[in-house]
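Trainee: Okay, handing you the structure first.
None of the figures in this text is laboratory data; all of them are computed from the coordinates on show. As the structure is a prediction and not an experimental result, all values here were calculated from the model.
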Amino acid sequence: MARSSGGSPAAGSHAPLTGDLSVVVGSLHEKYDDPLGPVLVDSEIQQVADRFTHARIRAFVPLFVRRYAGASLRDHSARRGHPLPAAQGPGSR
């Protein structure tokens, strides 16, 4: 996978959303597809996942994607007038 000078994957090259990430992807789509649409949800998830494409330790990537993409999607939702409750519980941060 080629990288741009900024450390992110080159255009057209994306991190795969498989394995443990597929659970996170499904969860975020379930929560945000109705208020924001699946295209925006996919875009936010992919942008965050792409930041960790070359991470040496992959075990934490799903947690980072859930946290950062979820925060961004909550912001989008609030700006559109569809505020969602903040995530609660030990595994939802």
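Trainee: Work out, step by step, the length gained on full extension between LEU63 and ALA78: first 0.36 nm times the residue separation, then minus their alpha carbon distance; give nm to one decimal.
Mentor: Full extension of this stretch gives 3.2 nm more.
Trainee: Regarding segment 20-79, what's the average projected area of the Cα-atom convex hull, expressed in nm²?
Mentor: 3.6
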